[in-house]
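Encoded as structure tokens, the structure appears first; notes follow it.
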Amino acid sequence: MQTNTLPAPALSRDASTPLAQQLSQRLAERIRQRLLLPGARLPSVRECARQQGVSPYTVVAAYDQLLAAGLVEARRQRGFFVRATATENKAPPREKAAAPAERPPVDATALLRGMFESDPRHAPGLGTLPPEWLDLPLLQTVLRRVVAQSAGPDGLALRYGEPGGDHRLRAALAQHLSDAGIECAAEQIVSTVGATHALDLLTRTLLQPGDAVLVDDPGWAIEYARLQRAGMRLLPVPRGADGLDLEVLARLAAEHRPRAYVTVSVLHNPTGHSLTLASAHHLLKLAELHDFLIIEDDTYGFLAPAHTPRLAALDGLRRTVYVAGFSKILSPAFRVGYLAANPERVAALTELKLLSTLTTPPLTERAVAICLEQGLLRRHAARVASQLDAARQRTVRLAIEAGCRFVSPPQGLFGWLDVGCDSERLAHRLLDEGWTTAPGLLFSPTRQPGTLMRVNFATAQDARFWRTLQRLRGEG
């Protein structure tokens, strides 16, 4: 649950607008902003009356107005639920063999809006580093250098970039990957507009509508939505404190013959887990046995300890395609990503990149190249990792004092937290008090409610947030 972090104004008894209308307008706005998603259950009349400090009659009147507007529906003996629009009710054609993920994924716009609008000071569920942790002088320096070096009619600033990406960036990336144990030539790398663009190119090039695709559960809601929009059938692979469930993965692979597995192997979002060497070897054997491709998303790799194993390093890019980007470590504004694959796949991927975007921005690509070549990015990442270690320790202490527990060992940027109550309802109550959070339902491919919540260790250090969470938990 991520959006503007201004507290919701209290319902006013002195306003000219009746209380019921004020309440219905507030709920209607949350539905339109995708903060209350299709299928979400509204609080019971009695619970809503207690939360808002109004009479049950006022809540009934507000819910009646939402019913009349077609925004909610009443289900006998179950309550009131947000209605799906006609567009959301349309499902892409599917093969008869249904995948386990029968329900539509969480609407990814709830997360996307949060990325653009959240105030990090009040967003414990934020998906990025807070701005003050980023090195703006570094970015300004390298961009000025690139622009100065790009003068003249043949400069980078006045022409398209290269089809595969800036040659200096790809050379620097090849060296960076070699340091991580992934051996590939610069020609095996294709730059993209962020890691999400790389994942989209892979889907459109290597998969077909109706294909079954293994995904992490929990995982990244935008990836679920993107794959289903492309007509894929999702096969959720449980991922917990001990990593991915290899037995479930093997069963799904045998039953559904998936074409690919899209996974975050290092500092997984949202659990923070990294694959062990034994699990990585087992996964690669299953991919060989059942003939599926592994798309390895290493978005958070810069925050990982040195020598953390990568699937692409163990596999040599035979059954793996490696994806990463720089927005999580340099700046969300630096939409520079890339993929590394075997030469046969790179040719088709480069062709689709040309058809979809022509080329990628050469100025920012050259700036990233300089950061890699001169060790600027490595030193910046080391400083961030040190800050994150301290923030993680503080956040873990505050969470435990608030009565919560981590279901996966705290690592990386995110913690996977059990808050002990319905995390979606708690998220809406926290939003009323000015805090935006990320309930577990946002990371479920089957939209399963529960008690889990993702916290960002860098933005969840404010003790006021944890006191508010503890109070709301106690109120039920």
Q) Considering only segment 220-232, how many residues are within 20 Å of Val321 (Cα to Cα) and either open to solvent by 30 Å² or more (accessible area, probe 1.4 Å) or among the basic types (Lys, Arg) (or both)? A) 3
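For segment 29-45, which positions are exposed (fewer than 15 other Cβ atoms within 10 Å of the Cβ) and either under 24 Å from the mean Cα position of the chain (by Cα) or modelled with pLDDT under 85 (or both)? Reasoning before the result, please.
Quick first cut of segment 29-45, residues exposed (fewer than 15 other Cβ atoms within 10 Å of the Cβ) only: 29, 32-33, 44.
Selection gives Glu29, Arg32, Gln33.
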Q. Considering Thr271, Thr276, which residue is in contact with a Pro (Cβ under 8 Å, 6 or more places away or on another chain), touching a residue at least 24 places away in the same chain (Cβ under 8 Å), open to solvent by 30 Å² or more (accessible area, probe 1.4 Å) and over 24 Å from Leu377 (Cβ atoms)?
A. Thr276
Q: Answer yes if at least one residue in segment 159-171 is in a loop (DSSP other than H, G, I, E, B), among the basic types (Lys, Arg) and more than 24 Å from the chain's Cα centre (by Cα), and no otherwise.
A: yes
**Q.** Residue that is least open to solvent (accessible area, probe 1.4 Å), among those in segment 362-382 that are among the basic types (Lys, Arg) and free of Cβ contacts under 8 Å to residues at least 40 places away in the same chain
**A.** Arg379
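A quick yes/no check of all residues on (1) within 30 Å of Gly53 (Cα to Cα); (2) hydroxyl-bearing (Ser, Thr, Tyr):
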position: Ile370; (1), (2): no, no
position: Gly375; (1), (2): no, no
position: Ala385; (1), (2): no, no
position: Ala391; (1), (2): no, no
position: Leu398; (1), (2): yes, no
position: Gly403; (1), (2): yes, no
position: Ser423; (1), (2): yes, yes
position: His428; (1), (2): yes, no
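Of the residues Leu249, Leu227, Leu267, which single one is more than 26 Å from Ala306 (Cα to Cα), of a type outside the set (Ser, Thr, Tyr) and under 19 Å from the mean Cα position of the chain (by Cα)? Quick ask: steps written out before the conclusion?
On the way: Leu249 fails: under 19 Å from the mean Cα position of the chain (by Cα); Leu267 fails: more than 26 Å from Ala306 (Cα to Cα).
Being more than 26 Å from Ala306 (Cα to Cα), of a type outside the set (Ser, Thr, Tyr) and under 19 Å from the mean Cα position of the chain (by Cα) holds for just one of Leu249, Leu227, Leu267, which is Leu227.
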(Q) Could you go through segment 271-281 and let me know if any residue there is within 15 Å of the chain's Cα centre (by Cα), of a type in the set (A, V, I, L, M, F, W, C) and part of a loop (DSSP other than H, G, I, E, B). (A) no
Q: Could you please tell me which pairs satisfy a Cβ distance under 7 Å, a separation of 6+ or placement on different chains, a first residue in segment 130-156 that is closer than 30 Å to Asn456 by Cβ, and a second residue that is assigned to a helix (DSSP H, G or I) and open to solvent by 70 Å² or more (accessible area, probe 1.4 Å)?
A: Trp133/Gln387
**Q.** Residues of segment 292-308 classified as within 12 Å of Leu177 (Cα to Cα), modelled with pLDDT under 95 and assigned to a loop (DSSP other than H, G, I, E, B), total
**A.** 1
Q) Taking segment 158-175 as the region of interest, how many residues are touching a helix residue (DSSP H, G or I) at 6+ places or on another chain (Cβ under 6 Å), aliphatic (A, V, I, L, M) and open to solvent by 50 Å² or more (accessible area, probe 1.4 Å)? A) 1
Q. Would you call Pro258 over 17 Å from the mean Cα position of the chain (by Cα) and open to solvent by less than 20 Å² (accessible area, probe 1.4 Å)?
A. yes
Q: Just need a number here: residues in segment 441-469 that are surrounded by fewer than 17 Cβ atoms within 10 Å (Cβ to Cβ), in contact (Cβ under 8 Å) with a residue 40 or more places away in the chain and in a helix (DSSP H, G or I).
A: 2
**Q.** Any hit, segment 133-149, residues being assigned to a loop (DSSP other than H, G, I, E, B), among the small types (Gly, Ala, Ser) and over 22 Å from Val190 (Cβ atoms)
**A.** no
Q) Got a number for residues in segment 403-440 being assigned to a loop (DSSP other than H, G, I, E, B), in contact with a Ser or Thr (Cβ under 9 Å, 6 or more places away or on another chain) and more than 18 Å from Pro270 (Cα to Cα)? A) 4
Q. Do we have Gly474 as part of a helix (DSSP H, G or I), farther than 21 Å from His268 by Cα and not hydroxyl-bearing (Ser, Thr, Tyr) here?
A. yes
Q. What are the residues in segment 210-224 that are within 18 Å of Ala195 (Cβ to Cβ) and in a strand (DSSP E or B), if any?
A. Val213, Val215, Asp216
**Q.** Residue in segment 317-327 that is open to solvent by less than 40 Å² (accessible area, probe 1.4 Å) and on the phi > 0 side of the Ramachandran plot present
**A.** yes
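The values are calculated or read from the model by the stated rules, or taken from the named source; none is laboratory data. Since the structure is predicted, the reported quantities are computational estimates derived from the model, not experimental observations. Cβ atoms come from the backbone with ideal geometry, glycine included; neighbour counts cover every protein chain shown. For accessibility, only protein heavy atoms count, side chains too; no ligands or nucleic acids. Shrake-Rupley method; radii C 1.70, N 1.55, O 1.52, S 1.80 Å.
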